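Comments concern the structure below.
The values are calculated or read from the model by the stated rules, or taken from the named source; none is laboratory data. In this text the structure is predicted, and so the values were computed from the model without any measurement. Don't worry about glycine lacking a Cβ; one is built from the backbone with ideal geometry, like all the others, and counts go over all protein chains shown. What goes into the accessible areas is simple: the full protein's heavy atoms, side chains included, and nothing from ligands, DNA or RNA. Shrake-Rupley method; radii C 1.70, N 1.55, O 1.52, S 1.80 Å.
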Amino acid sequence: MKRIKKVLATSLGISLALSVVSMLNVHGQESKSEFNQRYQAEDYVSSTGNVYVRNDGAKIPVDSPVIGDYLILNGADGGKYLDFSMPVTKFASNNMYGEDYQLVDKDNGEPVESIKNDTATWEVTVPQSGFYRLSFKYNNPATRVKGYRNDRDERNCRIMINTPVSEGNTEEFYTDSNKWAGWMIFNISGYNDQYDASINTSLTPQTDNNYENVIGNTKWNNNFMNVYLDKGKNTITLGIQAPPGQGVYDGPNLDYFDVSYVGDEYVTIDEIPYIDNDFKFEHPGIYFTMDDLETMKANKDNLDTVYGKGYQEMKASKYAKADYVPSPQSLIDVGPYNNPNHGGTQYTNDGCAAYYNALMWYLDGDQANAKKAIEILNGWASTLETVGEGNDLKLRFSIVGPDYLNAAEILKHIYNNDPTVANEDKWQAADMAKFDAFIQKLLDKTSEYYPQANGNWDALIGGFNMAAAVYLEDVDLFNDALTQMYLGNLQGGNTASMGSLPNYVYSTGESQESSRDATHARMGLSGLAYQAEVAWNQGINLYNAYNNRLLVGAKYNATYLIGNDVDSKTFISDKNRLNSDISSMVFEIVSNHYLNQVDENQDVSILTEAAEQRLRSGGTKNEAKTSAMYYGAMVFTEEKIPVTLDIKANKTTFTKVGDTITLTPTLTTDSKIKSLRTTISEELKPYVT
């Protein structure tokens, strides 16, 4: 047990007169309300471009090499639906990201036609301000599935709130982000290719047969998105647009969308475990504590343990060698799909090398490794001058940044305090200050998050920001991460980040990206797991947020990935279902929590099985492309440490006004972590010193 977190209750016979406090959510509305309204897609109030109302049985032009010239849909609610856009004919499959965010052909540099300026706007009136779920019923017949967006047929729509579009102002719609709620991706619809052991022998029939059974399907599908709406009349606008570096071949067929109030499903501000300004951060305390490091060190030579396997794997990597040659860059700029990629690869490789060398010093005691880690951190801190405008820097910094921070935690808080290390060999104060400034440069890109993107972005960004907050001891940055994880409304306005826990993981366990592909779904879950683990190492429990929602999502994902069928309302994708990759770290982290950090009767065997299949076998590599099959098991698997806590009171009753009761806690443990944190309920705080 890494942390002791006790809630001091009024179990001493204390009688307190407490005022009744009305629980309000973050925007001030009553915590319980019901609202559900259906809006037919054909009842839009304005549109631009190619938007068509179709009747059941009408021919829809699709221009598909597989389907033919048209498709016929039936079963729309009310017998009508909205057909977004006409298919384009000029579309290069091998496109690249050109200047001014323009899609261009990779071979000749000519602009590639991609649908834009096709929009529809609806008026929605709600009784109170707050969070609402948009539930879309749509059809995506998968007209083309190869060579376009990630080998899938996705139709991407930008959703804007209270920014109605009319002919002539569409450019403002696509460039003004103040009211931009996010992307709605209408994935392939129709669960026609569900795995059935009596019919298929493959667990990936969709991708095995090139989506043959779903191309041209006429099924209606569902997808969801949470937004913030203002009391009274709002406008909701869907505009066809591809995210950066991508393109849209055709638009979806939209039947209707339901608007439901979900504000009562979110926690209140008072329920978020914010830390106080005088909070004392634990170090090391990002991915591991001193207890964890000692466990690794004690077992590193035992190949029957995950520690021994992870140690041997890391030791064999070129990134764990003291003769590694780093390559810090003055410019780093990474665009969509690594185009452009200035300094991104060097940043990734050097981060891995700094982390591995710092760990190797602790495990083996060779100062050459520590000096190499210091050299790498100092090199980047002194060399990096410019952080470019590439949007994918947010992801690169967030995925790799914790490597730099974990290395820094070891060097600053363990290596520098080692009495056998000469002063001149330590990480110098001036260099640490430069490194702090280096991390701040990265945070300039990530601190505002990217809530409009698919949820894996903010989930991973939150993991980096929280890790940086621990290292920098930045209370505000840490609390911002908590806000974004619990509510997703850090930016304000109408955006409810898809990367927040309640928006990313549905109560069923299915996630916002389940219908996209398995890798992205695991990335989002892993980003949330990183946040939970960093917070746990600081004495804060995020695992239990929203009734163990992270566990629910991890088990749903694991169940599907090891070959079992799952219920899906959004047509879960089998793309990358069987891949072993570093994005699966959620299984190691979450299973460890319920096995080793808390005494809860939770069956996590499905998670350990998924960890074995998706991480500990199959040649898993990390971002630097080095073997990492047992890295997660080594770092995140803990040994239980016995802890006893005895709380004594000097008396059990009040006898007069002004009386006090003194509680004395006595903590007994072999853990290196000696701090005891208490959480006092809001009702008791006025009475407790």
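Structure summary
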read-out	value
Residue pairs meeting the criteria (Cβ under 8 Å; at least 6 apart or on separate chains; first without any contact (Cβ under 8 Å) to a residue 24 or more places away in the chain and closer than 14 Å to residue 224 by Cβ, in the range 480-507; second among the β-branched types (Val, Ile, Thr) and open to solvent by 10 Å² or more (accessible area, probe 1.4 Å))	none
Residues located in the range 42-76, provided they are touching a Lys or Arg at 6+ places or on another chain (Cβ under 7 Å) and acidic (Asp, Glu)	42
The lone exception for residue 439 - which of (1) more than 23 Å from residue 332 (Cβ to Cβ); (2) assigned to a helix (DSSP H, G or I) it fails	(1)
Among the residues listed as 529, 535, 518, the single one being under 13 Å from the mean Cα position of the chain (by Cα) and not charged (D, E, K, R)	529
Residue check, residue 403 under 21 Å from residue 288 (Cβ atoms), at pLDDT 95 or above and charged (D, E, K, R)	yes
Candidate set: the range 476-514, residues that are charged (D, E, K, R) and more than 14 Å from residue 527 (Cα to Cα); chosen: the one surrounded by the fewest Cβ atoms within 10 Å (Cβ to Cβ)	476
Any chance residue 589 is surrounded by 14 or more Cβ atoms within 10 Å (Cβ to Cβ), aliphatic (A, V, I, L, M), in contact (Cβ under 8 Å) with a residue 60 or more places away in the chain and touching a strand residue (DSSP E or B) at 6+ places or on another chain (Cβ under 7 Å)	no
Residue within the range 671-683 that is closer than 27 Å to residue 549 by Cα, among the acidic types (Asp, Glu) and more than 29 Å from the chain's Cα centre (by Cα) present	yes
In the range 504-554, residue nearest to residue 142 (Cα to Cα) [restricted to those that are of a type in the set (Gly, Ala, Ser) and outside any helix (DSSP H, G or I)]	515
Residue 409 being closer than 24 Å to residue 309 by Cβ and either part of a loop (DSSP other than H, G, I, E, B) or among the charged types (D, E, K, R) (or both)	yes
Test: residue in the range 629-641 that is among the hydroxyl-bearing types (Ser, Thr, Tyr), out of contact with any Pro (no Cβ under 8 Å at 6 or more places or on another chain) and open to solvent by 80 Å² or more (accessible area, probe 1.4 Å)	no
Pair list, Cβ under 6 Å, 6 or more apart: the range 314-327 residue closer than 14 Å to residue 627 by Cα, other residue of a type in the set (Ser, Thr, Tyr) and open to solvent by less than 30 Å² (accessible area, probe 1.4 Å)	314/356; 317/626; 319/356; 319/626; 320/356
Residue match in the range 335-351 (condition: hydroxyl-bearing (Ser, Thr, Tyr) and in contact with a Gly (Cβ under 7 Å, 6 or more places away or on another chain))	yes
Residue match in the range 8-15 (condition: modelled with pLDDT under 95, open to solvent by less than 60 Å² (accessible area, probe 1.4 Å), within 34 Å of the chain's Cα centre (by Cα) and under 30 Å from residue 637 (Cα atoms))	yes
Of the criteria (1) open to solvent by 30 Å² or more (accessible area, probe 1.4 Å); (2) of a type in the set (A, V, I, L, M, F, W, C); (3) in a loop (DSSP other than H, G, I, E, B), which one residue 281 fails	(1)
Count - residues of the range 653-676 that are out of contact with any strand residue (DSSP E or B) (no Cβ under 6 Å at 6 or more places or on another chain) and open to solvent by less than 100 Å² (accessible area, probe 1.4 Å)	9
Test: residue in the range 260-277 that is assigned to a helix (DSSP H, G or I), modelled with pLDDT of 95 or more, buried (at least 16 other Cβ atoms within 10 Å of the Cβ) and more than 23 Å from the chain's Cα centre (by Cα)	no
3 or more residues open to solvent by 50 Å² or more (accessible area, probe 1.4 Å) and under 25 Å from residue 619 (Cβ atoms): qualifying helices (runs of 4 or more DSSP H) within the range 301-386	306-315
Wholly within the range 22-105, strands (runs of 3 or more DSSP E) carrying at least 1 residues that are at pLDDT below 50 and of a type in the set (A, V, I, L, M)	95-97
Criterion violated by residue 598 - all others in (1) under 30 Å from residue 559 (Cβ atoms); (2) at pLDDT 95 or above; (3) of a type in the set (A, V, I, L, M, F, W, C) satisfied	(2)
Conditions (1) open to solvent by 20 Å² or more (accessible area, probe 1.4 Å); (2) under 20 Å from residue 215 (Cα atoms): number failed by residue 64	(1)
Residue within the range 399-420 that is touching a Ser or Thr at 6+ places or on another chain (Cβ under 6 Å), surrounded by fewer than 19 Cβ atoms within 10 Å (Cβ to Cβ) and in contact (Cβ under 8 Å) with a residue 12 or more places away in the chain present	no
Residues (small (Gly, Ala, Ser) and at pLDDT 80 or above) located in the range 187-220	202, 216
